[in-house]
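Right, one structure below, let's go through it.
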């Protein structure tokens, strides 16, 4: 996992303190000085070069959940949000030889405890000790920007299992999208892996949905259908490889999917969080089809379970980018199997993180993926 471009003798000056944004009351971010953390066994210190603003970051900053700091809401706990970052390895923990100082890496969110049943199965995003990383209940679990400090800062400590190399010809901004692509890849994995020539419907053209289109096409899917409500997002999906797009406000989405797939799709990757999404997805599928849920609905939703049972429909849910899906997505992006640059739309400096978060929240139609650059 080392790279020839990195020399083991290379060194970086690491300061004692760093700038970091911390969350106070809901919606309130303050720029403070924090000590630069030092890496332990199986860890490296990453100088953060860029971080994308995810919709979940916006949710955490304003509502708290799904972040959980010291067993409760993250407000007024000196907590730094942000989870989709990349950077440069600047210090190695004891015994680390998998990476070298100077390596460019992207960082996936979750480092499970490594000791529970789920972590041993490779399902570290479903760690049974999730959030237990403090005080007398410290089991070693970490999730950047969720249960421990995230990336709206200058430096972060990360387990080597969470790192993927970034090739020299990939921009910092593009590298922040590898984790997003990894989430889409994980959704495809849990449905059994996409078989080339089979059909996939992606519901919701947000960043994960758009990456779902790109990853599916890179894996040979046919046909890939993207559904949503915003024509500009659907157009971006076409540029990433969608064979068909459907604006659900203008057409009967179920009938159009059946038309395009000659009776029904094989898979649905549900990224919209819509209140009727599961039932619509089930109606789009062939019997024996599979649905993966990758979005959080805003409220509990009714599901026609009888229809799922009658038609032998499989229903899955994912959390994050598990089972090393990020590494496989990184490989696809390094091979230039799709152009993730299309999704990055706006860039802000570290000093303007609140502006970047507000932009991502208020201008969702044209701010598809906002990135904060550290320099």
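What follows is calculated from the coordinates using simple rules that are stated; it is not laboratory data. Please read all numbers here as calculations on a predicted model, not as lab measurements. In this analysis, Cβ positions are derived from the backbone assuming ideal geometry, glycine residues included, and neighbour counts consider all displayed protein chains.
So here's what we get for this one:
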| item | result |
| --- | --- |
| Label point distance in nm, residue 222-residue 41, each placed 7 Å from Cα along Cα→Cβ | 5.2 |
| Chain lengthening between residue 195 and residue 252 when straightened (0.36 nm per residue, less Cα-Cα) | 17.8 nm |
| Theoretical gain in end-to-end length, residue 362 to residue 287 [0.36 nm per residue, Cα-Cα removed] | 23.0 nm |
| Cα gyration tensor shape for region 180-317, rounded if a/c is under 1.5, else prolate or oblate | rounded |
| Ascending count of other beta-carbon atoms within 10 Å, so fewest first, for 324, 30 | 30, 324 |
| Ranked 348, 79, criterion: other C-beta atoms within 10 Å, fewest first | 348, 79 |
| Rg and Dmax [Cα atoms of region 99-175; Å; Rg one decimal, Dmax integer] | 13.8, 45 |
| Contour excess over end-to-end distance, with Cα ends at residue 238 and residue 335 and 0.36 nm allotted per residue | 32.9 nm |
| Three-way shape label, region 234-307, alpha-carbon gyration tensor, a/c 1.5 | oblate |
| Likely footprinting exposure, 10, 250, fewest C-beta neighbours within 10 Å first | 250, 10 |
| Pairwise FRET efficiency - residue 16 versus residue 314, Cβ, R0 = 45 Å, nearest 0.05 | 0.30 |
| Nearest-0.05 FRET efficiency for residue 169 and residue 231, computed from C-beta distance (R0 30 Å) | 0.40 |
| Rg followed by Dmax, in Å, when the chain is reduced to its Cα trace | 20.4, 63 |
